[in-house]
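First comes the structure, then the notes that go with it.
Values quoted throughout were computed directly from the atomic coordinates according to the rules given, and no laboratory measurement underlies them. It should be emphasised that the depicted structure is a prediction, and the values quoted were computed from it without experimental measurement. Methodologically, a virtual Cβ is constructed for each residue, glycine included, from the backbone with ideal geometry; neighbour enumeration extends over all protein chains shown.
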Ligand code: NSS
């Protein structure tokens, strides 16, 4: 799918680069000066807009002294309008250029602080400026397509989108990562997951999804943890763990194929090996937690049954697979209170994680939910939680409880893997983690 232009009367740089205008055709563009240099008395301006970067040649004999002088003075990142004719030019990036006949500087730029060799912290301090880079633009577009494809899958199948709250009175995923806020003098928390609210809503709509920010006060900085991330969550009545895993599989396959279809150029710009994504086809391999522990031990990774996987264990597992894979049936003690006990072994719960290959690790966590009032109450007590805080959640098991399952997907984790990023911070425009709140 090609990109639309950037306004009436203007064409996008990307449209010219795709060859959608014939040789010699007049064109008007607007954007920012991405790069600028002078060779042989001509000014070469690389104009950047949301669709691409096009070389524009400003020749004094064509534009006159005034326009030439204005562009001679203009610094990188000045906003500009140019008019001219498009020409094939093998020496220009992308094979096309604009020979300018008219043009002006809309707003001049001061010296742009980002020059190209800056370190990570400097670029984070200047995130508001760095987001103009072609790299960040490509990632933003991939994320847009990922979000659209997620919605598309559920819309087409008749699920309902809902809007759960962000300010909440009770924890979902354990107290250690809760952000506390003052709610008119009462303690409240930023949502870690919309799950409990989605469980409420299935009694009305049966199959729901929501896209909300989730918050985790992660104490350590890692390559794949944010303190605020985009959570895509799904919940459905009448589905067991198997049914929900099939939904996850289809969702991930759909998203990856949509990105390959619509964002191939961006993936290539980022240097992503797209053949790894072409392999993302159902069915995804599955192993139980117990099998995963045995597999790790056979590789010499020391791990006790009953421990959770750390980043190293996860990375070691992902090297065995060339597509995403499930780990299922975890020991009760390492999973949240809401997961349903496994009928064939009460030490286990019917939870599943989906891990991305190539060392990326967990992108989805889901489960069948405990639907027995007594068992759920016992688990809430065992975890040292106050049943009063969960009265409404427990009520769901008193008034026509129903078998049900759901999952949560970290959108930035998914984007990180699909785009082949080495750090999660670039999967979101304004990353939040410890010691990073601005811009
Ligand atoms: O903690 S999860 O594994 N599961 C839940 O929150 C469930 N209550 C979801 C549900 O069933 N509705 O988080 C789900 C996913 C996880 O697999 C990651 O992909 C992502 O959320 N996640 C994160 N992404 C970025 N940063 C952080 N800190 C993070 N924590 C979880």
Restricting attention to the alpha-carbon atoms of segment 154-224, what are Rg (one decimal) and Dmax (integer), both in Å? 14.3, 44
Hey, any idea what Rg/Rh is for segment 31-87, computing Rh the Kirkwood way over Cα pairs? 0.93
If all Cα-Cα distances of segment 111-184 are sorted into 5 Å bins from 0 onward, what percent lands in each bin, rounded to whole numbers? 3, 10, 12, 10, 9, 14, 19, 12, 7, 2, 0
Set the Förster radius R0 to 22 Å, insert the Cβ-Cβ distance between residue 39 and residue 106 as r into 1/(1 + (r/R0)^6), and round the FRET efficiency to 0.05. 0.35
Spatial extent of the chain: Rg and Dmax, with the Cα atoms as the point set, Å: 26.2, 86
Can you pull the one-decimal nm distance between simple spin-label points at residue 72 and residue 163, each 7 Å off the Cα toward Cβ? 5.6
Given an 8 Å cut-off on Cα distances and at least 6 residues of separation, report the relative contact order of the chain as a percent. 13
Subtracting the Cα-Cα distance of residue 221 and residue 118 from 0.36 nm times their residue separation yields 35.0 nm
Can you give the calculated 222 nm mean residue ellipticity of the chain, where each DSSP H run of n ≥ 4 adds -39,500 (n - 2.57) and the sum is split over every residue, rounded to the nearest 500 deg cm²/dmol? -9000 deg cm²/dmol
Would you mind estimating how fast segment 310-396 diffuses translationally, via Stokes-Einstein at 25 °C and 0.890 mPa s with the Kirkwood radius over Cα pairs, in µm²/s? 172
For residue 345 and residue 131, what is the calculated FRET efficiency with R₀ set at 56 Å and r taken between the beta-carbons, to the nearest 0.05? 0.70
Work out the FRET efficiency for residue 401 and residue 320 from their Cβ-Cβ distance, taking R0 = 25 Å, and round it to the nearest 0.05. 0.05
Between the alpha-carbon centers of segment 233-294 and segment 10-66, tell me the distance in whole angstrom. 40
Starting from the Cα gyration tensor of segment 1-115, multiply each eigenvalue by 5, take the square root, and state the resulting semi-axes largest first in whole Å. 21, 16, 13
If you find the alpha carbon centre of segment 134-178 and of segment 89-115, how far apart are they in angstrom? 37
For segment 200-294, what value does the Rg/Rh ratio take when both radii are computed over Cα atoms and Rh is the Kirkwood radius, given to two decimals? 1.02
If each residue of separation counts as 0.36 nm, what is the full-extension length gain between residue 298 and residue 312 once their alpha-carbon separation is subtracted? 3.5 nm
Rg(Cα) of segment 237-355 divided by 2.2 N^0.38 Å? 1.22
In nanometres, what is the gap between the two model label sites at residue 278 and residue 204, each 7 Å from Cα along Cα-to-Cβ? 4.6
For segment 289-367, what's the relative contact order in percent, using C-alpha pairs closer than 8 Å and at least 6 residues apart? 29
For segment 102-149, average projected area of the Cα convex hull in nm²: 5.6
Hull shadow area, averaged, segment 225-277 [alpha-carbon convex hull, nm²]: 5.6
